[in-house]
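Some notes on the structure that comes next.
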Amino acid sequence: MTCKIALAFSAVALLLRLAGAAPADMPSYDSPYYVIYSDLDTDTVREAAIRVTAMAEEYHQRTAGFAGTIKKKLPFYLFSKSEDYYKAGGLIGSTGMFTGQKLMAISAPGRGERNWHVVQHEGFHQFVQAVIGGNMPIWINEGLAEYFGEAVFTGDGFVTGLVPPDRLARLQKAIRDNKTRPLRLSPRTPLESPPQMLILGPLVTVPNFL
């Protein structure tokens, strides 16, 4: 994996280049798996390209048993200003989202890794649509998205499988208070009706223990 990431980083250095202008005159940059549209400075975009390259590699590695590959580079819009993000369709109050067509985020000052949590989470939804397809049950889709969202970037890859302490504490409290119930889940278990959606919170933790 380390060798693969190193090769990907070399590819970033070779491929990351100004490739033209996107709508609203945002410059576009090629990276191994994404076309990045951004009005940020080149150094910031280069760092983002390294991270999303490692992110895509992690998606691929963890879903290799049932997913395909990225055959066409995915669009990623990274904005310096929240007003431009909102004009492009971003939800008010959010810092990132997958619109169903493109991944978008704000480079929000002061948010640091929490901002990348959103990109990693929403980026997985984009990956699912582009590479996995099908009608993935929401508990798997959101659970895996949160699994990747909580991954920690080390500079040359990601450490996954980390359970946030606050989420673990809530689950432990629910067990102590006898508020849990047995779950008989399969990949085809639907969770779409309002009563079922009430247990979505605990379920997004399930992939961490599988």
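So the values come out like this:
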read-out	value
Helices (runs of 4 or more DSSP H) completely within the range 45-149 that count 3 or more residues being free of Cβ contacts under 8 Å to residues at least 60 places away in the same chain and under 26 Å from Arg167 (Cβ atoms)	113-127, 138-149
Conditions (1) over 16 Å from Trp116 (Cα atoms); (2) outside any loop (DSSP other than H, G, I, E, B); (3) not charged (D, E, K, R); number of the one not met by Val163	(2)
From the options Gly100, Gly134, Gly143, residue that is modelled with pLDDT under 90, surrounded by fewer than 16 Cβ atoms within 10 Å (Cβ to Cβ) and out of contact with any strand residue (DSSP E or B) (no Cβ under 8 Å at 6 or more places or on another chain)	Gly134
Lone qualifier among Gly100, Gly68, Gly123 - being over 15 Å from Leu40 (Cβ atoms), of a type outside the set (A, V, I, L, M, F, W, C) and more than 16 Å from the chain's Cα centre (by Cα)	Gly68
Qualifying residue in the range 152-171 (condition: basic (Lys, Arg), exposed (fewer than 13 other Cβ atoms within 10 Å of the Cβ) and at pLDDT below 85)	no
Residue within the range 184-202 that is closer than 23 Å to Gln120 by Cα, at pLDDT 50 or above and not in a helix (DSSP H, G or I) present	yes
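The values are calculated or read from the model by the stated rules, or taken from the named source; none is laboratory data. These numbers were taken from a predicted model, which means no experiment stands behind them. Methodologically, a virtual Cβ is constructed for each residue, glycine included, from the backbone with ideal geometry; neighbour enumeration extends over all protein chains shown.
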